[in-house]
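Here the structure is laid out as structure tokens; the discussion comes afterwards.
The values are calculated or read from the model by the stated rules, or taken from the named source; none is laboratory data. Keep in mind that this is a model prediction, so the values were computed, not measured. Please note: Cβ atoms are built from the backbone with ideal geometry, for glycine as well, and neighbour counts cover all protein chains shown.
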Amino acid sequence: MVLGDAAVGKTSLINQYIEHSFQEDYKPTLGANIIRKDIYINKINVKVRLIMWDLAGQEKYNVIRSMYFQGCVGALLVYDITRRSTFETVNSKWLRDFEKYVKQEGTYVLIGNKTDLTEQRVVSTEEGNSFMREINASDFIETSAKYGENVEKAFENLVYNILKKLGEAT
Ligand code: G3D
Ligand code: MG
């Protein structure tokens, strides 16, 4: 799942990542866009089918959101480096939701998006790094969904860490 406050860039990250090779199934009544992508992870020689859930952020979808968490194994926790409030809600809201609803041990990667807006940056890379350690995220990656910078790396890092954790558990 891709989680974070409104307008941090969740939809942009997914759109940038899937480019032309996507299939989507938009269910506006359910407040979710469901996207599928087949990828190959070189490092460990496996094919993976990703099913991504891009959820609408509105409060009215809160009940439905809790149902989507069932079966979820990992998340990108996204904030906008130009808005401190979006950095704070990663811990106060999104990570809490994730831990509350995801039954098995989940994997999450912290994402600081909009690195192209250098002038407007208010959350430093160093803060992101120490926050990653504080919340026990698998990794921290700064991205620009606008220019595609580190976007593929973000998703594939999450997949790799999910598989790694699943492998350790079995
Ligand atoms: P959301 O799905 O998390 O709600 P969106 O966020 O992907 O809809 O993005 C919200 C706004 O931020 C959009 O602007 C989008 O273009 C912009 N945005 C997303 N990622 C980046 C980025 O990396 N850099 C910059 N500069 N902007 C970004 P609009 O104006 O269309 O609302
Ligand atoms: Mg969106």
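Within the stretch 149-170, the set of residues being closer than 21 Å to Y17 by Cα and not charged (D, E, K, R) comprises N150, V151, A154, F155, N157, L158, V159, Y160, N161, I162, L163. Within the stretch 59-74, can one find any residue that is outside any loop (DSSP other than H, G, I, E, B), modelled with pLDDT of 90 or more and touching a strand residue (DSSP E or B) at 6+ places or on another chain (Cβ under 6 Å)? Within the stretch 59-74, one or more residues are outside any loop (DSSP other than H, G, I, E, B), modelled with pLDDT of 90 or more and touching a strand residue (DSSP E or B) at 6+ places or on another chain (Cβ under 6 Å). Taking each residue of the stretch 126-151 that is among the aromatic types (F, W, Y) and looking for partners that are assigned to a strand (DSSP E or B) and surrounded by 16 or more Cβ atoms within 10 Å (Cβ to Cβ) with beta-carbon atoms closer than 6 Å, six or more apart or interchain, yields F140/L110. Number of residues in the stretch 16-28 that are within 16 Å of ligand 2 (Cβ to nearest atom), at pLDDT below 75 and not hydrophobic (A, V, I, L, M, F, W, C) equals 5.
Scanning the stretch 126-170 for residues that are in a helix (DSSP H, G or I), among the β-branched types (V, I, T) and closer than 17 Å to G106 by Cβ yields a count of 2. Residues in the stretch 87-113 that are modelled with pLDDT of 95 or more and of a type outside the set (V, I, T): 6 in all. Looking only at residues in the stretch 126-148 that are away from ligand 2 (no atom under 16 Å from the Cβ) and surrounded by 19 or more Cβ atoms within 10 Å (Cβ to Cβ), the one that is farthest from Q16 (Cα to Cα) is F131. Here the condition is being surrounded by 13 or more Cβ atoms within 10 Å (Cβ to Cβ), hydrophobic (A, V, I, L, M, F, W, C) and more than 14 Å from the chain's Cα centre (by Cα); of V109, V90, V102, it holds for V102 alone. Of D80, D116, all but one fail to be within 18 Å of T11 (Cβ to Cβ), buried (at least 20 other Cβ atoms within 10 Å of the Cβ) and modelled with pLDDT of 95 or more; the exception is D80. Just one of the listed residues (V151, V109, V123, V102) is within 16 Å of ligand 2 (Cβ to nearest atom) and either within 28 Å of Q70 (Cα to Cα) or of a type in the set (A, V, I, L, M) (or both), namely V151.
Going by the structure shown, is L13 within 16 Å of ligand 1 (Cβ to nearest atom), of a type in the set (A, V, I, L, M, F, W, C), at pLDDT 90 or above and within 15 Å of the chain's Cα centre (by Cα)? So L13 passes the test.
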